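Below is one structure, written out as structure tokens, with a few remarks after it.
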Amino acid sequence: MSLIKSSEEIELIRESALLVSKTLGMLAKEIKPGISTLKLDSLAENFIRDNDAEPGFLGLYDFPNTLCVSPNDQVVHGIPNEKEIENGDILSIDCGVLKNGYFGDHAYTFEVGEVESNVKQLLTVAKESLYLGIQQFKSGNRVGDVGFAIQNHNELNGYGVVRELVGHGIGKEMHEKPEMPNYGRKGTGKKFKDGMVVAIEPMINLGTSRINQLNDGWTILTKDGKPSVHFEHNIAIIDGKPRLLSTFDYIYESLGINSNEEDPFKD
Ligand code: MG
Ligand code: MG
């Protein structure tokens, strides 16, 4: 696999990334107290298949479902189940699709009903850090520039940056090189060039950065039981600049939110 994608390949990854974005937009309308995460999973699987694509996570490393759904103190890789979500929960949903031989991979943390103000602040800061990281994904910069921007913003706000799980290149494989840590030193690591496509995905904890894994072999949760959030975009470098292939716009449309946060990364 090549780190550099052709413009045709970037358009195919964009198509897959946009289908993930639409899937999350569809789910945004369904996320209410009383629905189970397994129900959300089946809605997502049907939606993806109806759009001539396959769930990207189902069967990947033997993962059993279409969505990773990680409530509250779960960081990532939560397995959907029959438990109903409740008012005040947060729900990190990570979704991948495979269409025309290319993957998309995109995540958002949703609020269920009314969420505590300190958790709202965590959501705001973590999402800001995603865009600060994306700003650094441009020709001539390096992997450490993205990681530093994400780490710095979250740690200045007192939050824990998960180290064990990282972003990645994406294309014909879900997980390609380079690894994209959410921490790092400026000016270090792989140099970025036009045509690179990556997933940047900060996983940010209200408390400690330390994590545990459940004995289901998948679910990652915070060591101190405090909430964790996860935002992920797919981004290409085009004409030297970061360009979003995924979008939160479908989520915002479903939730009635006006946002111009993605404008700097669109043509
Ligand atoms: Mg990813
Ligand atoms: Mg993901």
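The values are calculated or read from the model by the stated rules, or taken from the named source; none is laboratory data. In this text, all values refer to a predicted model and were calculated from it rather than measured experimentally. Heads up, the Cβs are rebuilt from the backbone with ideal geometry, glycines too, and the neighbour counts pull from every protein chain shown. In case anyone asks, the SASA skips ligands and DNA or RNA and just uses the protein heavy atoms, side chains included. Shrake-Rupley method; radii C 1.70, N 1.55, O 1.52, S 1.80 Å.
Below, the figures for the structure above:
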read-out	value
Subset of segment 196-216 (residues that are in contact with a helix residue (DSSP H, G or I) (Cβ under 7 Å, 6 or more places away or on another chain) and either over 29 Å from GLN74 (Cβ atoms) or more than 16 Å from ligand 2 (Cβ to nearest atom) (or both))	LEU206
In segment 97-106, residue nearest to VAL166 (Cα to Cα) [restricted to those that are more than 11 Å from the chain's Cα centre (by Cα) and within 16 Å of ligand 2 (Cβ to nearest atom)]	PHE103
Enumeration of residues in segment 162-210 that are in contact with a His (Cβ under 7 Å, 6 or more places away or on another chain) and open to solvent by 40 Å² or more (accessible area, probe 1.4 Å)	HIS175, GLU179
Residue match in segment 164-176 (condition: closer than 26 Å to GLN74 by Cβ, at pLDDT 95 or above and touching a Ser or Thr at 6+ places or on another chain (Cβ under 8 Å))	no
Residue count for segment 97-128, restricted to those that are touching a Pro at 6+ places or on another chain (Cβ under 8 Å) and either acidic (Asp, Glu) or within 16 Å of ligand 1 (Cβ to nearest atom) (or both)	3
Scan of segment 218-267 for residues that are among the polar types (S, T, N, Q), touching a residue at least 60 places away in the same chain (Cβ under 8 Å) and part of a loop (DSSP other than H, G, I, E, B), ordered by number	THR219, SER246, THR247
Residue among TYR61, TYR131 that is open to solvent by 10 Å² or more (accessible area, probe 1.4 Å), in contact with a Pro (Cβ under 9 Å, 6 or more places away or on another chain), more than 16 Å from LEU40 (Cα to Cα) and hydroxyl-bearing (Ser, Thr, Tyr)	TYR131
Qualifying residues in segment 81-96 (those that are more than 13 Å from the chain's Cα centre (by Cα) and surrounded by 22 or more Cβ atoms within 10 Å (Cβ to Cβ)) - the one farthest from ligand 1 (Cβ to nearest atom)	ILE85
Flag for SER7 being of a type in the set (S, T, N, Q), open to solvent by 50 Å² or more (accessible area, probe 1.4 Å) and modelled with pLDDT under 95	no
